[in-house]
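Right, one structure below, let's go through it.
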Amino acid sequence: MKENRSRSAIRIAAFKRLAMWHVMAKPLNLVLVTEFPKAGGSWFCQMIAEATALPFPRNVTPHMESCVLHGHHLPRLRFGKTIAVVRDGRDIAVSAYFHFLFENERNSPFSVRRHRARCGFDNYMDVRTNLPAFIEYLFGSYARERTGFTWSEFGRACRQMESVHIVRYEDLLADPAKALGEALVFLGRAVPSAESMAAIVDSYSFVTQRAALPSASAESPSFLRRGVAGDWRNHFTEEARLVFARHGGAELEALGYEVDRSWVRPTADA
C-alpha cells in the first residue's frame, strides 16, 4: 500500500512538471534543463539553481513559480531557451545499466523490477556479457516506452536548434565554473563572482555529494557511482561496441566524441 501511494505521488508530480514544461515555461520564466537520462542533468540543475537563487524542485511536486525545472524532453521552439545536458552515450549506457538494474538511494524497487523483467538477464553482475543486449534495450523498448526518443535522436534535435544551449557532461567535469557561466550568459542571467562560482562548484562536487550518501556495494551501487568520463572502456566488449556503433555511432561523431569508427575495433595498443 505504501509503495502504491508513493507511485501515485510520483505520477502527480510528473504530471505537474509536464504541464509546467509545456504550458508555463515562458509565463513563469522557467530555467528548463533537459537531458537523456543519466547525462548529469540533476547535477547541473543543482549548480544553476544555486547560481540563479532559484528553487530546484527535485523529486518533489513543483510549485507554480519561477524555478529550475529538469526533465527528459526533446527541445521545441515553443519552450524558448533551453539547456540540454549531453554526455557520451556509451558512458550513459554503463551508468544506466547500474542505475536501472540495481537498487540505490534514488530509484525504487518497483523500477528495478520493471527493468529487470524487460531485460531478463541470468546474472546481472555480468555487465560485460549483458551490455550488448542492454544497449539494444536502451535504443529500443526503453526509448519507445519511457522517453519517446533515443540518445541519438536527442543529440540530433539539440544540435539543430538555436534556442538550445548544449552543456557537455565532460566539460562540466573538466571546468564546471566555465560551463556554468556560459549557460548563464546564454540564459541572460547574471554570472556570480569567481569566488561564488568556486563555492557553488565545491558544494556540488561529486566528492562532496558522494560523501553524504549511504555506503554502496556491488549489489547496490550508489546513484552517484563514479562520476567520470570514459568508463565505458572498462565494460564494453567488441560486441557492445558494434551494437552501439549501429545505433549511435553517427551521433557520437556529430557531437564530437569520435572522429571516425576506429573506436569500434581498436588496435591492440589503442
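The values are calculated or read from the model by the stated rules, or taken from the named source; none is laboratory data. None of these values were measured; they are calculated from a predicted model. Please note: Cβ atoms are built from the backbone with ideal geometry, for glycine as well, and neighbour counts cover all protein chains shown.
Checking Pro27, Pro57 one by one, the residue that is under 24 Å from Val191 (Cα atoms) and more than 21 Å from the chain's Cα centre (by Cα) is Pro27 and no other. Taking the range 240-261 on its own, how many of its residues are without any contact (Cβ under 8 Å) to a residue 12 or more places away in the chain and assigned to a helix (DSSP H, G or I)? Summing the residues that are without any contact (Cβ under 8 Å) to a residue 12 or more places away in the chain and assigned to a helix (DSSP H, G or I) in the range 240-261 gives 2.
Condition first: assigned to a helix (DSSP H, G or I) and closer than 25 Å to Ser205 by Cα. Now tell me which residues in the range 154-175 satisfy that. Scanning the range 154-175 gives Tyr169, Glu170, Asp171, Leu172, Leu173, Ala174. Residues being out of contact with any Phe, Trp or Tyr (no Cβ under 8 Å at 6 or more places or on another chain), at pLDDT 95 or above, more than 22 Å from Ile48 (Cβ to Cβ) and part of a loop (DSSP other than H, G, I, E, B) are entirely absent from the range 204-222. Within the range 105-153, take every residue that is part of a helix (DSSP H, G or I) and among the β-branched types (Val, Ile, Thr) and give me the one that is nearest to Arg241 (Cα to Cα). The qualifying residue nearest to Arg241 (Cα to Cα) is Ile135. Has the range 143-165 got at least one residue that is modelled with pLDDT of 95 or more, outside the structural domain of Ala250 (by TED's automatic domain parsing), within 14 Å of Ile48 (Cβ to Cβ) and not charged (D, E, K, R)? Within the range 143-165, one or more residues are modelled with pLDDT of 95 or more, outside the structural domain of Ala250 (by TED's automatic domain parsing), within 14 Å of Ile48 (Cβ to Cβ) and not charged (D, E, K, R). Scanning the range 176-198 for residues that are within 20 Å of Ile92 (Cβ to Cβ), of a type in the set (D, E, K, R) and in a helix (DSSP H, G or I) turns up nothing.
Counting only strands (runs of 3 or more DSSP E) wholly contained in the range 1-94, no element carries 2 or more residues that are surrounded by fewer than 13 Cβ atoms within 10 Å (Cβ to Cβ).
Taking the numbered list (1) among the aromatic types (Phe, Trp, Tyr); (2) in a loop (DSSP other than H, G, I, E, B); (3) under 21 Å from Val31 (Cβ atoms) in turn, Phe102 passes all entries but (3). Annotation: of all residues in the range 123-153 being touching a Ser or Thr at 6+ places or on another chain (Cβ under 8 Å) and of a type in the set (A, V, I, L, M, F, W, C), the one that is surrounded by the most Cβ atoms within 10 Å (Cβ to Cβ) is Leu138.
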